[in-house]
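Worksheet: one structure, shown below.
Bear in mind that the values in this text are calculations on the coordinates, not laboratory data. This is a predicted model, so every value here is computed, not measured. No Cβ is skipped: glycine too gets one built from the backbone with ideal geometry, and neighbour counts run over all protein chains shown.
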């Protein structure tokens, strides 16, 4: 089951349209303060464990979305070899958001982008059981041990919440933290692998 945080619940319960929606109560400070829902879209394709191709429900525009909060192992492509756990991460992501799944895309800054100008977003999947966008994909991947922590500077406070799920997966030895996953003697270290991307002038981060 995909975990839903209290902060996400507050945003989604109040969300009744695609308009910009402030997440937090101004009277209470928290890591999700300032997070807004920028777009609602439909999944067209799962690229890998942290990247989706989606179509905006309003404009129909296609976007390549990079999940905030985690960095999943790479899959094998014509350009590079895959990493341990890459195939498993993509398989799990496909099971979480099959083609046609509706998703809501949230971030502190609508302009948050990474490599190849990919919008970087918290991706919340539609849950038919609750009638809400309450399934946090980055958290789901993190608690399955299929990603290390990743964010960009403007999104770091909110994205820090995913470290809890990553640490839990590491403690349980699941996913990439399982030494038997790819018969690797050493697994990535959750502390050493933390990445905070800072967008340079005229460029983006992965």
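Quick notes on this structure:
- Packing, taken as the mean count of other beta carbons within 10 Å per residue, orders the peptides 118-127, 161-170 from highest to lowest as 118-127, 161-170.
- Overall shape: prolate for the range 36-187, with the ratio a/c of the largest to smallest alpha carbon gyration tensor axis at 1.5 or above and a/b above b/c.
- Virtual spin-label span in nm between residue 156 and residue 45, 7 Å along Cα→Cβ: 3.4 nm
- Counted residue by residue at 0.36 nm each, then reduced by the alpha carbon distance between them, the extension gain from residue 33 to residue 61 reaches 7.3 nm.
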